[in-house]
1. When only Cα pairs under 8 Å and 6 or more residues apart are kept, what is the percent relative contact order across the stretch 64-153?
2. Quick one: Cα centre-to-centre distance for the stretch 96-170 and the stretch 184-256, in angstrom?
3. Karplus couplings for the stretch 204-211 from phi (6.51 cos²θ - 1.76 cosθ + 1.60, θ = phi - 60°), rounded to Hz, Gly and Pro as x?
4. Using a 1.4 angstrom probe on the protein heavy atoms only, could you order K92, K147 from most to least accessible area?
5. Just the number please: accessible area per residue for the chain, 1.4 Å probe, all protein chains included, in Å².
6. When we measure straight from the Cα of K99, which aspartates and glutamates land under 18 angstrom away, once same-chain ones fewer than 8 places off are left out?
7. For a distance above 17 Å, tell me the whole-number percent of Cα pairs in the stretch 192-269 that qualify.
8. Considering only protein heavy atoms and a probe of 1.4 Å, how much of the accessible area of the stretch 174-269 is carbon and sulfur, as a whole percent?
Amino acid sequence: MKKKKKKTRQNKRNKKKEKKKRKKEKKEKKEKKENEKEKKKKEKKKGEEKEGREKKKEKKERKVEGKGRVIVFSYGLETSGIPLDWSASEEKPGVNFLKDSSDETILNIKHKVVEVKQKGDIVVASIHWGSNWGYRIPSDQVKLAHKLIDDGSVDVIHGHSSHHVKGIEVYKHKLILYGCGDFLNDYEGIGGYEDFRADLGLMYFVSVSPLTGKLVRLQMIPTQIKRLRVNRATRADAVWSRDILNREGEQFGTRVELDRDNSLTLQWD
């Protein structure tokens with residue numbers, strides 16, 4: 001009887017152990033299954049992320065192969081009458097004031113250009129500089145324009161401030177407009193500067209190679225401001241604009257041809 005009881009107790013312990021063992025194995029099996037599931041989930045996520053990156057890269061590459069963008073950086077110089085306290089800061093909005101044309105300044109501009117410029121993009125530096133009247137182009141403007149092209153990764157210089165057109169330069173196959181004149185203004189009737197014909201302007205249509213940034217073609221449409229409206233210039237006024245551009249462009253080796261439709265096409269050496 002004692003042996004039987006002893007055997008029964010042993011059987012119970014064995015069953016308990018067996019049950020515990022099965023429970024443990026079941027738990028381990030479940031954990032293993034969950035771990036495998038989690039592993040597969042991570043691998044799937046990793047694969048999706050990789051695929052997403054590849055698609056993004058592919059999309060980016062496709063974008064680069066397209067027409068690209070025109071990116072404009074605008075600046076203002078003190079020579080145009082802009083006071084220093086108009087300059088923008090972290091605390092207040094304002095003008096992107098260019099204090100000087102030192103190598104350090106040009107390098108800072110280049111860093112900003114390189115941050116955003118992609119293959120196929122054209123970068124324009126739009127600069128408000130110089131006086132409102134007069135055809136003379138100061139040497140510091142010429143130097144700044146050349147530096148921006150040589151060291152600043154800029155493709156086109158869009159200069160403005162003068163209320164009349166000024167000479168055009170093509171430097172290392174890059175376009176420099178030193179003074180574009182006014183597209184529209186409210187100076188009609190104000191005397192003193194009639195010889196500059198501030199009522200005459202130009203619409204500039206620039207073609208640039210997206211691969212090199214080099215100028216391909218510049219066509220200009222002569223206009224006249226009258227009663228706060230932009231009108232097509234007469235043949236006589238188009239001839240006047242042609243002659244001014246030829247006279248002022250001689251120092252840079254540029255000239256314009258007047259076409260039958262009154263448009264002007266730039267020629268350069």
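1. The value is 43 percent.
2. 19
3. These are the phi-based 3J(HN,Hα) values: 9, 10, 9, 10, 10, 6, x, 7 Hz.
4. Values: K92 85, K147 60 Å².
The ranking, largest first, comes out as K92, K147.
5. On the way: 18950 Å² over 269 residues.
Result: 70 Å² per residue.
6. E78, D85, E90, D140, D151
7. Numbers: 1489 of 3003 pairs.
Beyond 17 Å sits 50 percent of the P(r) for the stretch 192-269.
8. Carbon and sulfur atoms account for 48 percent of the accessible area of the stretch 174-269.
The values are calculated or read from the model by the stated rules, or taken from the named source; none is laboratory data. All figures in this text were calculated on a predicted structure; none of them were measured in a lab. A quick note on method: Cβ atoms are made from the backbone with ideal geometry, for glycine too, and the neighbour counts reach across all protein chains shown. All accessible areas refer to the heavy atoms of the entire protein, side chains included, with ligands and DNA or RNA removed. Shrake-Rupley method; radii C 1.70, N 1.55, O 1.52, S 1.80 Å.
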